Structure formats: C-alpha cells, structure tokens
Amino acid sequence: MVKLKIGVIGAGSISDLHFQSYANNEKVEIFAVCDLNEQRAVEKKNKYHAEVTYTNYEDLLKDPQIDAVSICTWNNSHAEIAIAALNSGKHVLVEKPLCKSVEEALRVEEAVKRSGKVLQVGFVRRFGTNTNVLKSFIDSGDLGEIYYAKASILRRLGNPGGWFADKERSGGGPLIDIGVHIIDLCWYLMGKPKVKSISGNTYSKLGNRANIKNLSFYQAADYDPIINKVEDLANALIRFENGASLMIDVSFTLHVKKDETYVKIFGDKGGAEIEPELVIVTEKNNTILNAQPQIDSLSFDFNQAFQNEINHFVLCCQGEEQTISPVEDGVELMKILCGIYESSETGKEISFERSNVTI
Ligand SMILES: NC(=O)c1ccc[n+]([C@@H]2O[C@H](COP(=O)([O-])OP(=O)(O)OC[C@H]3O[C@@H](n4cnc5c(N)ncnc54)[C@H](O)[C@@H]3O)[C@@H](O)[C@H]2O)c1
C-alpha cells in the first residue's frame, strides 16, 4: 500500500491531536514537521517518528514526496500557507478558522478550484459522534423544519493570552476562537442555510484579568499579562434566508457564576441539546419525551472527533470520499464571523440580501 506522506505545519498544542490521529491511521506516514520554533519541530519529529523538520513552510512545500499538509499555525498564516500548499500540489487540512477575513477566504477558495486539490476546514465538531448521531435524526426528519438554534460558550476566566490575545495574529478573541465552533455546528445541523443578516456586539470591558489570584486557567506558551487586544465577549443574532435564526454568545471572560457551554437546536417536530450532552426532545401520544441516545459519549469527545476528522481527510485525499467540510463552508463562516465584527463596529445590522450585499 502506498502511504500518504503528511507534513504538519505548526507544531504547537493542537498539532498533537493531528499527529496522534495520523499515527493511528495505517494509510499514512508522518513525514515532515515545520515550526518557526525549531526546538518544537524537532521535539514533535522525535515524538511522532517523522523524517525531516523545517522552520520555513516554503521549504517543506518544495518536497515533492509530501502529499498533504495539516496547517496548525496561528490564524494569520492559514490563508497564505493554504494557498502556497495548494499551488505546490498538496492536499490541505487547515485548522479553524479558515483565515482572518472574507477576502482571504475567497482567495483560498479560488486556489482550491484552480488546483483541484482537497481542502478540508478543521470544523472538528462536525466529526463528533454526538453530532453524527443527531445529524442522522435530523436527516431522517425527526426534528422537522429547524427554525431556531441557540449556543453559548461562556468562560468566566479563560483568555489564553499569547497570540490568541494579539488581534493581528488571531483575527479576534472568543468569537473567532471558540465562537467559530458553535456557529459552525449549529449552521451545519440547520442544513447550512444562506445568511440573510447579522446583528452583533463585542465588548472589551474586563481585559484579560491577569490580576485574578488562586484560579488557574489555560495560558498559551507565549502568555504575556500585559498584551491583550481582543474582545472579552461577543454575541450575535444571525438571520437566514429560510426564516431560521441563530443566537450565540461567547466569552473569554465575563462575570458569570461558572463556565457554561450549551448548543441547542429547535425544529417543529423536535428539538435537541448537543452540548453539554446529547438529548432529543419530542412529542408522542400527547406526551413530551426527552430521549437520551445510548452511546459511549454523549458529549463532544475530542480524541474521537479528531480521529474521525483525520480519517475522513485521508479518504478524501485518496479520492474515496468528498469532504464534508469544504472550503465554501469556510468562506460562509468567515462571512458570519466578519459580519458580527462589522456589525459591532458600525452599530448596525449587516445585510447579505442579494440586492444589498455589504460584505
Ligand atoms: N480544532 C480545535 O478544536 C482547535 C483547538 C485549538 C487550536 N486550534 C487552532 O489551531 C491553530 C494553532 O493553535 P494552537 O493552540 O496549537 O497554537 P500554539 O501557539 O500552541 O501553536 C501554534 C504553532 O504554530 C507555529 N507557527 C506560527 N506561525 C507559523 C508559520 N508561519 N510557520 C510555521 N510555524 C508557525 C508557532 O511557532 C506555534 O508553535 C489555530 O489556528 C487555532 O485556532 C483548533
């Protein structure tokens, strides 16, 4: 069997889930690792038995042996590296968000079309077992017409700092970092309706709260308590052309009693909660039923979802499947994310109606 040779670009925290999942896939050889930080690249090369390391992604892309790359770098380099990889004839799995702006997203989409290569956006929540179980109920009509969804990830103290807090490298705060996951999950389960309008607000009221004592939180490797250029809270109401609507709020920090994550979908025949754990709500014989699927993990299982995502990417690269997370969806998500930021900046609703496209 000819194995797919993989290069991983960006060898920080999330790359481990890519490496582990590739290592578990017998159709793959982990071949190259690239990071601006040479020591980090060498550590991952040794840990995952790769052949070569690079500190410049352009050098990695010159190697004709490499078939596909995972891009696990800061958000500001996703578009540039994805386009260069596609132009070098590589398939691409790019971490979320696809990039920082709609303009960049459209350039990536153009490069995908030109190259004919696979590009999969790392919307990993689509690959959760709880997501797939719920999707099978939605696809068989059990929820009926989905007209509303509501999702929230509220951290009371959780600005990771480092590049996450540097707008230039990240593109924004909790909205682009964690909001992207729940917006995508709802939008995907709602059947990917066309966006009609967006009204959003962002707030930078509390800063990164580096002053807080005796309560630990995840900090990026390059954490610096002084630097923070991103919002601490974002909320939005997104209207779709089919009449459905989605409400979200996300925070890096907020005066909330405890951290909260929920994702809820509502149709005219039934509803569902997917976070914190899957439950399907319906009505039968004049009785409301809360039905709990009997599956191993009712919540999002990180390791399993990454394994499913990578296995699917590998099959797509081998021409055996079509990606369920294509570049067009990355472009739509960038329209939504940037629309929320623009609405917040201008204090106005952003309209995407065909006669009045503002983005
Ligand atoms: N799917 C998920 O659930 C999930 C979770 C966490 C992070 N992410 C995404 O993964 C990406 C990386 O996040 P992370 O938490 O691993 O960050 P990280 O800071 O731990 O790692 C990023 C690495 O990329 C390297 N890097 C940056 N620019 C580079 C370039 N041009 N060339 C080579 N190396 C470069 C950095 O040196 C660093 O080692 C981000 O886009 C983030 O949004 C996704």
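Looking at region 46-59 only, could you name the residues that are crowded, with 19+ Cβ neighbours inside 10 Å, within 13 Å of the ligand (Cβ to nearest atom) and over 23 Å from the mean Cα position of the chain (by Cα)? Answer for region 46-59, where residues must be crowded, with 19+ Cβ neighbours inside 10 Å, within 13 Å of the ligand (Cβ to nearest atom) and over 23 Å from the mean Cα position of the chain (by Cα): THR53, TYR54. The single residue among ALA41, ALA79, ALA84, ALA32 that is in contact with a Gly (Cβ under 6 Å, 6 or more places away or on another chain) and at pLDDT 95 or above turns out to be ALA32. Does LYS90 satisfy the criteria of being among the charged types (D, E, K, R), within 22 Å of GLU29 (Cα to Cα) and more than 10 Å from the ligand (Cβ to nearest atom)? Against the criterion (among the charged types (D, E, K, R), within 22 Å of GLU29 (Cα to Cα) and more than 10 Å from the ligand (Cβ to nearest atom)), LYS90 qualifies. Taken as a whole, the structure leaves LEU143 outside the set of residues that are within 22 Å of ASP166 (Cα to Cα), open to solvent by less than 30 Å² (accessible area, probe 1.4 Å), assigned to a loop (DSSP other than H, G, I, E, B) and touching a helix residue (DSSP H, G or I) at 6+ places or on another chain (Cβ under 8 Å). Before we move on, is ASN130 buried (at least 24 other Cβ atoms within 10 Å of the Cβ) and either outside any loop (DSSP other than H, G, I, E, B) or out of contact with any Asp or Glu (no Cβ under 7 Å at 6 or more places or on another chain) (or both)? Yes, satisfied.
Scan region 156-167 for residues that are within 12 Å of the ligand (Cβ to nearest atom) and either free of Cβ contacts under 8 Å to residues at least 24 places away in the same chain or assigned to a helix (DSSP H, G or I) (or both) and the total you get is 4. Answer yes or no: is there a residue in region 14-31 that is more than 19 Å from PHE313 (Cα to Cα), of a type outside the set (A, V, I, L, M, F, W, C) and open to solvent by 10 Å² or more (accessible area, probe 1.4 Å). No - not one qualifying residue is present in region 14-31. When region 308-322 is filtered for residues that are surrounded by fewer than 21 Cβ atoms within 10 Å (Cβ to Cβ) and within 15 Å of the chain's Cα centre (by Cα), only ASN308 remains. Of the residues making up region 170-205, those that are within 19 Å of the chain's Cα centre (by Cα), among the aliphatic types (A, V, I, L, M) and not in a helix (DSSP H, G or I) number 2.
Here ILE226 clears all of (1) free of Cβ contacts under 8 Å to residues at least 24 places away in the same chain; (2) in contact with a helix residue (DSSP H, G or I) (Cβ under 7 Å, 6 or more places away or on another chain) except the condition numbered (2). The residue that is surrounded by the most Cβ atoms within 10 Å (Cβ to Cβ), counting only those in region 160-209 that are aliphatic (A, V, I, L, M) and farther than 20 Å from GLY330 by Cα, is ALA165. The set of residues in region 21-57 being β-branched (Val, Ile, Thr) and under 19 Å from SER88 (Cα atoms) consists of ILE30, VAL33, VAL52, THR53, THR55.
Set side by side, the residues GLU29, GLU43 differ, and just one is away from the ligand (no atom under 15 Å from the Cβ), within 26 Å of GLN304 (Cα to Cα) and more than 24 Å from the chain's Cα centre (by Cα), which is GLU29. Of the residues that sit in region 76-94 and are within 19 Å of the chain's Cα centre (by Cα) and surrounded by fewer than 21 Cβ atoms within 10 Å (Cβ to Cβ), which one is nearest to ILE183 (Cα to Cα)? Selected residue: ASN76.
Among the residues of region 95-109, those that are buried (at least 24 other Cβ atoms within 10 Å of the Cβ) and among the aliphatic types (A, V, I, L, M) comprise LEU98, ALA105, VAL108. Return only the number of the condition from (1) over 23 Å from LEU337 (Cβ atoms); (2) in contact with a Lys or Arg (Cβ under 9 Å, 6 or more places away or on another chain); (3) more than 9 Å from the ligand (Cβ to nearest atom) that ALA11 does not satisfy. Just one mismatch for ALA11, condition (3). Please determine whether any residue of region 115-124 is touching a strand residue (DSSP E or B) at 6+ places or on another chain (Cβ under 7 Å), assigned to a loop (DSSP other than H, G, I, E, B) and either more than 16 Å from the ligand (Cβ to nearest atom) or under 30 Å from PHE266 (Cβ atoms) (or both). Yes, region 115-124 contains at least one residue that is touching a strand residue (DSSP E or B) at 6+ places or on another chain (Cβ under 7 Å), assigned to a loop (DSSP other than H, G, I, E, B) and either more than 16 Å from the ligand (Cβ to nearest atom) or under 30 Å from PHE266 (Cβ atoms) (or both). Criterion first (farther than 19 Å from SER344 by Cβ and open to solvent by 10 Å² or more (accessible area, probe 1.4 Å)) does VAL112 satisfy it? Here the answer is yes, as VAL112 does meet what is asked.
The values are calculated or read from the model by the stated rules, or taken from the named source; none is laboratory data. Treat the numbers as computed from the prediction; the structure is a model and nothing was measured. In this analysis, Cβ positions are derived from the backbone assuming ideal geometry, glycine residues included, and neighbour counts consider all displayed protein chains. Heads up: the accessible areas ignore ligands, DNA and RNA and are worked out on the full protein's heavy atoms, side chains in. Shrake-Rupley method; radii C 1.70, N 1.55, O 1.52, S 1.80 Å.
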